[in-house]
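> I am attaching a structure below and will ask some questions about it afterwards.
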Amino acid sequence: MANQSFVIGVDYGTDSVRSVIVNAHTGQEVAASVFYYPRWKRAEFCDPAANQFRQHPLDYVEGLETTVKECLAKAGTDVAKNIKALSVDTTGSTPVAVDESGTPLALKPGFENNPNAMFVLWKDHTAVDEAQEINEHAEKFDTNYLQFVGGIYSSEWFWAKLLHVIRQDEQVRKAMYTWVEHCDWIPFLLTGGQKAEDIKRGVCSAGHKSLWAEEFGGFPPDEFFATLDPLLAGFTSKLGNRTYTSAEKAGTLSQEWAEKLGLSTDVVIGIGAFDAHMGAVGGQIEPYYLSKVMGTSTCDMLVAPKDEVKGTLVNGICGQVDGSIIPNMIGMEAGQSAFGDAYAWFKNVLAWPLKNLLAQSDVIDAATAEKLLHEVEGKIIPELSKRANELPLEEDAEIAIDWLNGRRTPDASQLLKGAFIGLDLGSDAVKIFRSLVEATCFGAKRIVDRFIEQGVPVKGLIGMGGVAKKSPFIMQMMADVMNMPIKIHKSEQTCAIGAAMFAATAAGIYPKVEDAMSAMGQGFDAEYQPNADRVALYAKRYQKYLEAGSFIEDFISEETEHTIHS
């Protein structure tokens with residue numbers, strides 16, 4: 001054990017945080033722990049009807065301490081003594097207002113229950129108007145400051161959310177010093193940071209969501225933001241102008257956190273990044289393979305050598321940033337705003353009678369009703385998948401549009417809505433579900449098409465995350481729709497494993513993250529090949545999907561214009 005080195009990877013997801021301890025030499029997972037955010041689970045501080053989704057920093061802090069300590073307890077003292085480093089990934093863009101000490105305002109008296117003082121979750125779309133203003137404003141400048149984020153700024157991102165919060169909440173605006181991403185704040189917390197100006201911002205978050213680019217000399221000039229809204233004047237001076245890759249270290253574990261966790265202050269803390277970026281590394285990404293992290297949404301990652309894609313800008317994606325995934329390679333990000341969330345929405349629609357009527361039953365008691373609800377809810381998606389897989393593939397079957405949470409890429413627009421077209425009295429739950437799954441696969445194909453259309457080849461697909469591991473039905477349809485194979489990574493926790501790989505690199509156990517990926521990677525345990533008999537028919541249905549999507553987009557656009565002018 002004395003010659004062994006272990007690292008910790010912490011993965012902050014939408015609903016929970018997961019920590020793993022990994023053998024840095026073999027990649028073996030020694031221990032794992034999951035913590036579901038209690039305040040989030042109670043839907044506190046959220047208003048889905050208003051697209052408001054906020055998370056309290058206490059959910060993050062409590063989850064961090066709980067999961068790491070549980071992992072260490074499972075692994076034993078010998079492992080704990082040989083922990084060399086810890087790195088984190090988080091959802092993004094998920095920023096928060098902090099004071100001069102770097103403390104999130106929700107952790108300060110008077111702000112404990114103020115949603116605007118909390119982390120603004122990636123899926124929060126309250127800043128749609130601000131995003132549109134940024135897009136229109138950018139057209140006034142000779143330099144295209146949106147060129148490295150696909151040409152369209154999203155309401156899911158850093159500046160739109162900041163502008164929305166400071167406009168809406170004067171108390172928060174006056175109390176805040178700066179605005180920081182979740183993935184940059186956790187390393188600052190663990191290293192005992194005392195001044196917000198010392199926060200080390202990762203190139204991943206800064207490049208993909210905050211408009212930082214080496215070509216601009218950092219962030220766009222103050223003039224860009226001050227003329228957008230005077231409230232933003234001087235704000236970039238509080239962000240610093242240097243960024244770091246996740247292969248670098250943020251510092252070492254503070255005395256306070258070392259005592260809390262039972263670790264040494266020699267433990268290296270790596271620079272943080274977004275979950276899908278570290279997940280791509282955990283899933284052993286290869287150049288020109290689209291690495292798809294499939295959960296509530298999807299994040300699609302692609303890496304390419306700089307000299308091969310120099311000067312290529314892909315419009316409508318979530319950015320392309322040097323070193324955001326693997327240092328010295330261009331990292332490109334795309335994705336869908338709803339994937340697993342779309343299936344969860346449909347499950348909740350079907351479960352409405354169970355949730356709302358069983359409790360009123362005169363036939364069964366409350367405890368039995370609760371058990372029945374839990375049992376049936378867990379069977380809805382697996383049974384729908386089984387029945388949908390048995391349906392014949394018909395060219396004229398129901399068509400769905402998957403924009404239930406807006407559209408992330410290509411061409412971000414959170415104003416868009418989902419739709420079902422071609423319903424009749426024979427459209428049952430199974431057929432509707434099948435069309436919804438197909439729509440999410442078609443949305444994924446549209447992303448691949450955009451890369452290829454604009455000069456970036458896609459050689460294959462790598463699937464990761466809960467949906468990829470649990471649903472052969474969806475993955476086979478994905479291969480058929482894309483007409484290319486998709487291989488499924490063996491690890492259940494690719495994001496946390498990726499964080500562990502970066503931790504090992506930051507600690508100097510490996511000179512490059514590619515070396516950590518090679519040594520610690522767990523490989524693949526499934527591969528889906530396209531079914532030649534279905535490919536041609538899916539191609540025809542894909543054209544119907546594109547036509548239907550164009551109709552919905554035009555309809556929404558006309559409705560929006562009408563609302564503005566009225």
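The values are calculated or read from the model by the stated rules, or taken from the named source; none is laboratory data. A quick note: this is a predicted structure, and the numbers were derived from the prediction, not measured. In this analysis, Cβ positions are derived from the backbone assuming ideal geometry, glycine residues included, and neighbour counts consider all displayed protein chains.
> Would you mind stating whether ASP480 is surrounded by fewer than 16 Cβ atoms within 10 Å (Cβ to Cβ) and of a type in the set (Asp, Glu)?
On the way: surrounded by fewer than 16 Cβ atoms within 10 Å (Cβ to Cβ): no; of a type in the set (Asp, Glu): yes.
When the stated conditions are applied, ASP480 does not pass them.
> Can you list residue pairs whose Cβ atoms sit under 9 Å apart, with the first residue in segment 307-329 being among the acidic types (Asp, Glu) and the second being loosely packed, with under 15 Cβ neighbours inside 10 Å? Count only pairs 6 or more apart in sequence or on different chains.
Close Cβ pairs (under 9 Å, with a partner that is loosely packed, with under 15 Cβ neighbours inside 10 Å) amount to ASP322/GLU214; ASP322/LYS306; ASP322/ASN328.
> Out of segment 253-291, which residues are surrounded by fewer than 20 Cβ atoms within 10 Å (Cβ to Cβ) and either under 22 Å from VAL96 (Cα atoms) or polar (S, T, N, Q) (or both)?
Matches in segment 253-291: SER254, GLN255, SER264, THR265.
> While we're here: Mind listing whichever residues of segment 4-45 are assigned to a strand (DSSP E or B), out of contact with any helix residue (DSSP H, G or I) (no Cβ under 6 Å at 6 or more places or on another chain) and under 14 Å from LEU58 (Cβ atoms)?
Across segment 4-45, the qualifying residues are TYR12, TYR36.
> Related question: Determine whether VAL467 is outside the structural domain of ILE271 (by TED's automatic domain parsing), modelled with pLDDT under 95, in a helix (DSSP H, G or I) and of a type outside the set (Lys, Arg). Walk me through how you get there before you give the answer.
Values: outside the structural domain of ILE271 (by TED's automatic domain parsing): yes; modelled with pLDDT under 95: yes; in a helix (DSSP H, G or I): yes; of a type outside the set (Lys, Arg): yes.
Here the answer is yes, as VAL467 does meet what is asked.
> For segment 171-194, give me each residue that is surrounded by 24 or more Cβ atoms within 10 Å (Cβ to Cβ) and closer than 21 Å to GLN414 by Cβ.
Answer for segment 171-194, where residues must be surrounded by 24 or more Cβ atoms within 10 Å (Cβ to Cβ) and closer than 21 Å to GLN414 by Cβ: GLU181, HIS182.
> Which condition number in (1) surrounded by 21 or more Cβ atoms within 10 Å (Cβ to Cβ); (2) under 20 Å from LEU211 (Cα atoms) is the one that ALA338 fails?
Unmet condition: (2).
> From the list PHE119, PHE111, which one is farther than 26 Å from ALA276 by Cα and in the same structural domain as ILE509 (by TED's automatic domain parsing)? Before the answer, list the steps.
On the way: PHE119 fails: farther than 26 Å from ALA276 by Cα.
Only one candidate qualifies: PHE111.
> Give the number of residues within segment 484-531 that are assigned to a loop (DSSP other than H, G, I, E, B) and either of a type outside the set (Ser, Thr, Tyr) or within 20 Å of THR67 (Cβ to Cβ) (or both). Break it down into steps so the answer makes sense when it comes.
First, the residues of segment 484-531 that are assigned to a loop (DSSP other than H, G, I, E, B): 484-485, 490-493, 507-512, 521-523, 529-531.
Narrowing the set further to residues that are either of a type outside the set (Ser, Thr, Tyr) or within 20 Å of THR67 (Cβ to Cβ) (or both) leaves 484-485, 490-493, 507-509, 511-512, 521-523, 529-531.
The qualifying residues number 17.
> Could you list, in sequence order, the residues of segment 154-170 that are buried (at least 21 other Cβ atoms within 10 Å of the Cβ), at pLDDT 95 or above and assigned to a loop (DSSP other than H, G, I, E, B)?
TRP157
> Still on this model: Could we say that LYS445 is basic (Lys, Arg), under 29 Å from SER33 (Cα atoms) and not assigned by TED's automatic domain parsing to the domain that holds VAL34 here? It would help to see each step written out before you state the result.
Details: basic (Lys, Arg): yes; under 29 Å from SER33 (Cα atoms): no; not assigned by TED's automatic domain parsing to the domain that holds VAL34: yes.
Spelling it out, it is not the case that LYS445 is basic (Lys, Arg), under 29 Å from SER33 (Cα atoms) and not assigned by TED's automatic domain parsing to the domain that holds VAL34.
> Please go through segment 422-470 and give me each residue that is polar (S, T, N, Q) and more than 20 Å from the chain's Cα centre (by Cα), ordered by number. Spell out how you get there, then give the answer.
Just the residues of segment 422-470 that are polar (S, T, N, Q), to begin with: 427, 435, 440, 454.
If the condition is that a residue be polar (S, T, N, Q) and more than 20 Å from the chain's Cα centre (by Cα), then SER427, SER435, GLN454 are the ones that fit.
> Give segment 122-154 a look and list any residue that's among the polar types (S, T, N, Q), under 18 Å from CYS204 (Cα atoms) and touching a helix residue (DSSP H, G or I) at 6+ places or on another chain (Cβ under 8 Å), or say none. Outline the logic, then answer.
So in segment 122-154, the residues among the polar types (S, T, N, Q) come out as 126, 132, 135, 143-144, 147, 154.
From the residues that got through so far, the ones that are under 18 Å from CYS204 (Cα atoms) too are 147, 154.
If the condition is that a residue be among the polar types (S, T, N, Q), under 18 Å from CYS204 (Cα atoms) and touching a helix residue (DSSP H, G or I) at 6+ places or on another chain (Cβ under 8 Å), then SER154 is the only one that fits.
> Further question: Considering segment 385-412 alone, what residues qualify as being buried (at least 22 other Cβ atoms within 10 Å of the Cβ) and either touching a strand residue (DSSP E or B) at 6+ places or on another chain (Cβ under 6 Å) or at positive phi (or both)?
Hits for segment 385-412 are ALA400, ILE401, GLY406, ARG407, ARG408, THR409.
> Further question on the same structure: If a residue has to be of a type in the set (Asp, Glu) and within 20 Å of the chain's Cα centre (by Cα) to count, how many in segment 48-82 make the cut?
Selection size over segment 48-82: 1.
> Go over the candidates HIS125, HIS137 one by one and state the one that is touching a residue at least 24 places away in the same chain (Cβ under 8 Å), in a loop (DSSP other than H, G, I, E, B) and assigned by TED's automatic domain parsing to the domain that holds CYS204.
HIS125
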